[in-house]
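Enquirer: Sharing a structure, written as structure tokens. Questions coming.
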Amino acid sequence: MTALWILLLPALGMVVPLLTAKWGRNGCTLMTALAPLAALLVLLQATPSVFQAIPIVSTFEWVPILGLSVSFHLDGLGYLFGLLILGIGLLVILYARYYLSDRDNMGRFYAYLIFFMSAMLGVVLSNNVVQLWFFWELTSISSFLLISFWSHKSDARKGARMALTVTGAGGLALLAALLLMADVTGTYEVRELLQQGDVLRASDYYTVIVVLFLLGAFTKSAQFPFHFWLPHAMAAPTPVSAYLHSATMVKAGVFLMARFYPALSGTELWFVIVSLTGMITMLVGAYLALFKHDLKGLLAYSTISHLGLITLLLGLNTQLAAIAAVFHIINHAVFKASLFMAAGIIDHESGTRDMRKLNGLFKYMPYTATLAMVAAASMAGVPLMNGFLSKEMMFAETLTQETLGALSWWIPVLATLAGALGVAYSLRFMHDVFFNGEPIDLPRTPHEPPRFMRVPVEFLVVLCVFVGIIPQFMVGDLLAAASLAVLQHELPYYSLSLWHGFNLPLLMSVVAVIGGAVLYWHRRHLFHFYGQFADRDAKQIFEGAVQALQTAMVAVNHWLDNASLQRFMFLLVLLALILAASPLLHLHETVGTQPQLALNWVVGLAAMLLIVATLLTVWWSHRRLLALIALSVVGLIVSISFAYFSAPDLALTQLSVEVATIILFLLALFFLPQSSPVIDSPFKIIVRDLGVAALFGSVIGTLCYVMLTRPLTSISAFFLENSVPGGGGTNVVNVILVDFRGFDTLGEITVLGIAALGIYKLLARIPLYMPTTDSKGHRWSQDRHPVLLALVSQSLLPLALLVSAYIFLRGHNLPGGGFIAGLITAVALVQQYVAHGVDWMKGRIVFNYQAIIAAGLLIATMTGVGSMAFGREFLTTWFDYVSWPIVGKFEIASALIFDLGVYLTVVGATLLILANLGKLTTTERLRAGEG
Amino acid sequence: MELMYSICVGFLTTAGVFLLLRAQTFPVVLGITLLSYAVNLFLFASGRLTVNGASIVGASEVYADPLPQALVLTAIVIGFAMTAFVLILAMRARADLGSDQVDGRSSTLRKHGNKARKERQV
């Protein structure tokens, strides 16, 4: 549970700052710090087991069937990062208390900070790759929130957007890599993955995995050429920079490389990509850092350079290099966080970060200046400081390289050059800011910061010095534990001490320091050289690229969807055509082996009628009434063909739906424009559409024929066998509907109800123009409800209801059932509407149709739930036979109640649609409209 | 028989798709209706054609496949609801936009409709 609690405590602590923000700045800070402090204590309490390399794992099942679990583990590497995240996090919380002004929303800032802290802890503690990726993306999101904290500044918004885009896109590449890794090795567990290095390296996907993986790591750790986002992220408040951009977030990339070092490294591919990228990043970062006038800009590029150094070390083919990488992770975090905080103090107390104005601050803030200079010395790699030790280890490792063959001597030379540049920009940070004459019109007179704002800097600087002098005592065990986690096997011999005698690495350090001093001394020439090149703003390039992409996408979207249903449908039909036709091309025979039925003249005649009626529907599509009549002929023949081909239920359903549909269309016709000009498509469009439609129709027809002439393998034998013993009904179709596939039916009547309610809503307050005359200009007939029709339909109603009751009751055994009975009832009632009008019906139908739909759905659902009360699955049916007088033996089944629900829903939905539409045609609506 | 059936399905599909590609709502709704006939017949055909074999236990010797029938039965009812929805949507669109066109062009008709609507509101 330890590993989980370390994450859970800060995650729960996220709300604390929001709740305590009103307690004032001190109270809020104090309360906010509690959760990370508790987590830090939990982490420290696990120290002995971590140092003895006892794994601490907590796993919870998540989706066991997919082999996914929520799993956390704490090993040396996770411990090291946990220490950095929580330790520096606490210092940053203290520092931010003094950095933020009264106008800043402190609760929100701390909440974001803790959110980020939790996400980062999640990354380093996750033992499941999907989960790791999830937290990885959370760090991108939370850092977006933190960078854009001062959201009124355009710089902050743009910088945040750039950081999110770059790291988020890298995250997607990482996800692909992690999923591929899991696929190759068959496990999602990080701990197991690390043991499968040989499998991964032997896999065909190895190259893809490494490239995608490194894309994720490089974007996060701002490696060249993805380094450009980091300087722009400096628009964040300085505590954020000190936390995210020195110690944690940007280290996530190198953490990832270190974490999967045993699984992925060890090949030429890895070494070449990683070491070269690291080397280039180190040089480019150091070079650019020298020319930045912004204090934080200098530190940002320096961070890029140092991240490059760590990457380089992870890409060098020795175990000692990996250990040096881990060591430099610690050292860089410590000195860079303190430098950022010092830069923040200078900014805070003098009002600017511009080094052209900041000069001679030593006399105004001697104490802070001393601290900053010690930290900068560590950044430069001056002896007695921690930065010196890991840098020297790096120099030593570059000497053993053979990656570049005979040109391998370039590596130590370039490393020394980068070291010299590092010394130069560190010197600039010290000399330019604290000496070098007098400050030039600063917004404020600088002075020492509040006492406690300096405490975090002091703490970190003291660490720098102590680690630099007595490294073994300070971080020996920690480094060993973390390195063990990175290498996954026994560590080679290495010595952590200040003095290793006169050797080549020492000489390289000396050369770097002297060279750096010389470079700084002649910086005028360098600045002149740098000034020759146009300063390209990454932000503008990035925003331009984003906008270009956006424009392109909008163009594609417009091309695809130009608000024309015709075009959209055309594309859709084409796509469907390709999908449906391509399998047919691979089929050798159109006709299958299934014996076919003989054609007789009745069927032939019906088919002819269908084709003619279809043609007429198309031909008359602008003469609406005629088209409707033709359409109803088509519908009739379809229902007759259902009857002919042994589907009486379908025939009954189709017939009653046909009546409802035609009434619906007639009602709608009333409102559609009587004399709308026919918008005839151009002839070539008609030809094109006809061509596509004919192609599509022929493909579907062929598909139908191919299917019909091939033998059937169906699961229906089961339904036929079990219908009577299992469902208690002989009408298999109905038993399937209300019993075997009852859950589907429940879903379908729900859709029906939703559609009816949607229509009800669409018809509400519809501003329709009601024609006063027909298309020929005749006024509507005054005799709206012919007496004869009224009388006949009224006397037919009881009969129709009786029929529907009969159809409903017999449905389980003979053609019929809830759907059909519901439609018959609905049609019978609609007939009354037609014959008598809405006003007449209004007084007689007292319930509203929404309630009927609701009741139907409720009954159907409760039948299902009812079976659960008897300890059965949802919608299990029960049936038995009873003898009634007169009727005789009669079956009662719970499926009948379910069918009642179906019946009511169908009645309610159909009437809701038709009656509401019909109501619009009457004076009823007018009165409502006027009122 | 199978051939005739398939020709009918293909013909209904052709007519449905053609009407679906028209520029006004009413033909589109007609097209949807025709297309849903075709779809239902096609789905029904997946159980093959049987004459005199209603799937009622004990009523005949050979039974038609009941499963596609059950599927098509609900499809017919849902198809009705869908047709109704599209039709009413078209009416609503005409009422709100003053046009029954779906070809994406802003037509003279629409302008005219808007003007008419404004006049009514005045």
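Enquirer: Working only within segment B:5-14, note down all residues that are open to solvent by 10 Å² or more (accessible area, probe 1.4 Å) and either more than 7 Å from chain A (Cβ to nearest Cβ) or farther than 16 Å from A:LEU577 by Cβ (or both).
Expert: Across segment B:5-14, the qualifying residues are B:TYR5, B:ILE7, B:CYS8, B:PHE11.
Enquirer: Given the condition more than 28 Å from the chain's Cα centre (by Cα), part of a helix (DSSP H, G or I), more than 30 Å from A:ASP183 (Cβ to Cβ) and among the hydrophobic types (A, V, I, L, M, F, W, C), answer yes or no: does some residue in segment A:50-59 qualify?
Expert: Yes, segment A:50-59 contains a residue that is more than 28 Å from the chain's Cα centre (by Cα), part of a helix (DSSP H, G or I), more than 30 Å from A:ASP183 (Cβ to Cβ) and among the hydrophobic types (A, V, I, L, M, F, W, C).
Enquirer: So is A:VAL433 assigned to a helix (DSSP H, G or I), under 30 Å from A:ILE346 (Cα atoms) and free of Cβ contacts under 8 Å to residues at least 60 places away in the same chain or not? Full working, then the answer.
Expert: Details: assigned to a helix (DSSP H, G or I): yes; under 30 Å from A:ILE346 (Cα atoms): yes; free of Cβ contacts under 8 Å to residues at least 60 places away in the same chain: no.
Criteria not met by A:VAL433.
Enquirer: Considering each residue of segment A:710-749, count those that are crowded, with 16+ Cβ neighbours inside 10 Å and more than 9 Å from chain B (Cβ to nearest Cβ), and give that number.
Expert: The number of residues fulfilling the criteria is 6.
Enquirer: To continue, here is another question. Which one of these does A:SER564 not meet: (1) surrounded by fewer than 10 Cβ atoms within 10 Å (Cβ to Cβ); (2) modelled with pLDDT under 85?
Expert: With (1) surrounded by fewer than 10 Cβ atoms within 10 Å (Cβ to Cβ); (2) modelled with pLDDT under 85 applied to A:SER564, the lone miss is (1).
Enquirer: Within segment A:750-768, track down each residue that is in contact with a helix residue (DSSP H, G or I) (Cβ under 9 Å, 6 or more places away or on another chain), loosely packed, with under 14 Cβ neighbours inside 10 Å and more than 7 Å from every other protein chain (Cβ to nearest Cβ).
Expert: A:ALA764, A:ARG765
Enquirer: Out of curiosity, is A:TYR112 out of contact with any Ser or Thr (no Cβ under 8 Å at 6 or more places or on another chain), open to solvent by 20 Å² or more (accessible area, probe 1.4 Å) and assigned by TED's automatic domain parsing to the domain that holds A:PRO36? Even if it seems obvious, please write down each step before you answer.
Expert: Details: out of contact with any Ser or Thr (no Cβ under 8 Å at 6 or more places or on another chain): no; open to solvent by 20 Å² or more (accessible area, probe 1.4 Å): yes; assigned by TED's automatic domain parsing to the domain that holds A:PRO36: yes.
No.
Enquirer: Looking only at segment B:67-93, filter to residues that are farther than 26 Å from A:LEU650 by Cα and within 7 Å of chain A (Cβ to nearest Cβ); which one of those is modelled with the highest pLDDT? Steps first, please.
Expert: At the first step, the residues of segment B:67-93 found to be farther than 26 Å from A:LEU650 by Cα are B:89-93.
In the following step, the residues that additionally are within 7 Å of chain A (Cβ to nearest Cβ) were identified as B:89, B:91-92.
Working: B:LEU89: 89, B:MET91: 85, B:ARG92: 86.
Here the answer is B:LEU89.
Enquirer: Find the helices (runs of 4 or more DSSP H) located wholly in segment A:556-673 whose residues include 3 or more that are more than 47 Å from the chain's Cα centre (by Cα) and among the hydroxyl-bearing types (Ser, Thr, Tyr), and list them.
Expert: Here the list reads A:624-644.
Enquirer: Does A:ALA693 fit the bill of being closer than 29 Å to A:HIS778 by Cβ, in contact with a Phe, Trp or Tyr (Cβ under 9 Å, 6 or more places away or on another chain) and not assigned by TED's automatic domain parsing to the domain that holds A:LYS919?
Expert: no
Enquirer: Which helices (runs of 4 or more DSSP H) sit wholly inside segment A:180-238 and have at least 2 residues that are within 23 Å of the chain's Cα centre (by Cα) and under 23 Å from A:GLN488 (Cβ atoms)?
Expert: A:206-220
Enquirer: With the requirement that a residue be assigned to a helix (DSSP H, G or I), touching a residue at least 40 places away in the same chain (Cβ under 8 Å) and open to solvent by 20 Å² or more (accessible area, probe 1.4 Å), what does segment A:134-160 give you?
Expert: Correct list: A:ASP155, A:LYS158.
Enquirer: Residues in segment A:812-835: is at least one open to solvent by 70 Å² or more (accessible area, probe 1.4 Å) and within 15 Å of A:GLY727 (Cα to Cα)?
Expert: yes
Enquirer: From the list A:LEU288, A:LEU320, exactly one residue is without any contact (Cβ under 8 Å) to a residue 24 or more places away in the chain and assigned to a helix (DSSP H, G or I). Which is it? Show your work before the answer.
Expert: Numbers: A:LEU320 fails: without any contact (Cβ under 8 Å) to a residue 24 or more places away in the chain.
The match here is A:LEU288.
Enquirer: A further question follows. Hey, B:THR25 hits all of (1) at the interface with another protein chain (Cβ under 7 Å from one of its Cβ atoms); (2) over 15 Å from A:SER646 (Cα atoms) but one; which does it fall short on?
Expert: Looking at each condition in turn, B:THR25 falls short on (1).
Enquirer: Anything in segment B:10-59 that is among the small types (Gly, Ala, Ser), assigned to a helix (DSSP H, G or I) and over 10 Å from the mean Cα position of the chain (by Cα)? List them, or say none. If you could, list the steps in order and put the result at the bottom.
Expert: The initial filter retains those residues of segment B:10-59 that are among the small types (Gly, Ala, Ser), namely B:10, B:15-16, B:23, B:31, B:36, B:38, B:45-47, B:53-55, B:58-59.
Then keep just the ones that are assigned to a helix (DSSP H, G or I); that gives B:10, B:15-16, B:31, B:36, B:38, B:45.
Within segment B:10-59, B:GLY10, B:ALA15, B:ALA45 meet the criteria.
Enquirer: Taking the stated definitions as given, is A:TYR806 modelled with pLDDT under 90 and assigned by TED's automatic domain parsing to the domain that holds A:PHE898?
Expert: When the stated conditions are applied, A:TYR806 does not pass them.
Enquirer: Restricting to segment B:53-66, and then to whatever is β-branched (Val, Ile, Thr) and within 7 Å of chain A (Cβ to nearest Cβ), can you tell me which residue is farthest from A:SER646 (Cα to Cα)?
Expert: Of everything passing the filter in segment B:53-66, B:VAL57 is farthest from A:SER646 (Cα to Cα).
Enquirer: Being surrounded by fewer than 22 Cβ atoms within 10 Å (Cβ to Cβ), among the basic types (Lys, Arg) and either in the same structural domain as A:THR370 (by TED's automatic domain parsing) or assigned to a loop (DSSP other than H, G, I, E, B) (or both): is that true of A:ARG444 here? Before you say what the answer is, go through the steps one by one.
Expert: Details: surrounded by fewer than 22 Cβ atoms within 10 Å (Cβ to Cβ): yes; among the basic types (Lys, Arg): yes; either in the same structural domain as A:THR370 (by TED's automatic domain parsing) or assigned to a loop (DSSP other than H, G, I, E, B) (or both): yes.
Answer is yes for this residue.
Enquirer: Show me the helices (runs of 4 or more DSSP H) found entirely inside segment A:353-429 where at least 2 residues are touching a helix residue (DSSP H, G or I) at 6+ places or on another chain (Cβ under 9 Å), under 30 Å from A:ASP441 (Cα atoms) and open to solvent by 10 Å² or more (accessible area, probe 1.4 Å).
Expert: Working: elements: A:366-380, A:386-398, A:410-427.
Qualifying helices (runs of 4 or more DSSP H): A:366-380, A:410-427.
Enquirer: Restricting the search to segment A:610-627, which residues are in contact with a helix residue (DSSP H, G or I) (Cβ under 6 Å, 6 or more places away or on another chain), under 18 Å from B:ILE7 (Cα atoms) and not polar (S, T, N, Q)?
Expert: Scanning segment A:610-627 gives A:LEU610, A:ILE611, A:ALA613, A:LEU616, A:VAL618.
Per-residue answers, yes or no, for (1) within 25 Å of B:THR50 (Cα to Cα); (2) modelled with pLDDT under 90:
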{"position": "A:LEU672", "(1), (2)": "no, yes"}
{"position": "A:ALA694", "(1), (2)": "no, no"}
{"position": "A:VAL706", "(1), (2)": "yes, no"}
{"position": "A:SER714", "(1), (2)": "yes, yes"}
{"position": "A:GLY727", "(1), (2)": "yes, yes"}
{"position": "A:ASN734", "(1), (2)": "yes, yes"}
{"position": "A:ASP739", "(1), (2)": "yes, yes"}
{"position": "A:ALA756", "(1), (2)": "no, no"}
{"position": "A:ARG765", "(1), (2)": "no, yes"}
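Enquirer: With the condition kept exactly as written, say whether any residue in segment A:232-245 is touching a helix residue (DSSP H, G or I) at 6+ places or on another chain (Cβ under 8 Å), open to solvent by 10 Å² or more (accessible area, probe 1.4 Å) and either in contact (Cβ under 8 Å) with a residue 60 or more places away in the chain or assigned by TED's automatic domain parsing to the domain that holds A:MET106 (or both).
Expert: yes
Enquirer: Based on what the data block shows, is A:ARG688 open to solvent by 60 Å² or more (accessible area, probe 1.4 Å) and farther than 30 Å from B:MET91 by Cα? Even if it seems obvious, please write down each step before you answer.
Expert: Values: open to solvent by 60 Å² or more (accessible area, probe 1.4 Å): yes; farther than 30 Å from B:MET91 by Cα: no.
No.
Enquirer: Which numbered condition trips up A:SER894, out of (1) more than 29 Å from A:LEU788 (Cα to Cα); (2) surrounded by fewer than 18 Cβ atoms within 10 Å (Cβ to Cβ)?
Expert: (2)
The values are calculated or read from the model by the stated rules, or taken from the named source; none is laboratory data. Everything quoted here is computed from the prediction, not taken from an experiment. Using ideal geometry, Cβ is built from the backbone for each residue, glycine included, and neighbour counts are taken over all protein chains shown. When the accessible area is computed, the model is the full protein with side chains, heavy atoms only, and any ligands, DNA or RNA have been set aside. Shrake-Rupley method; radii C 1.70, N 1.55, O 1.52, S 1.80 Å.
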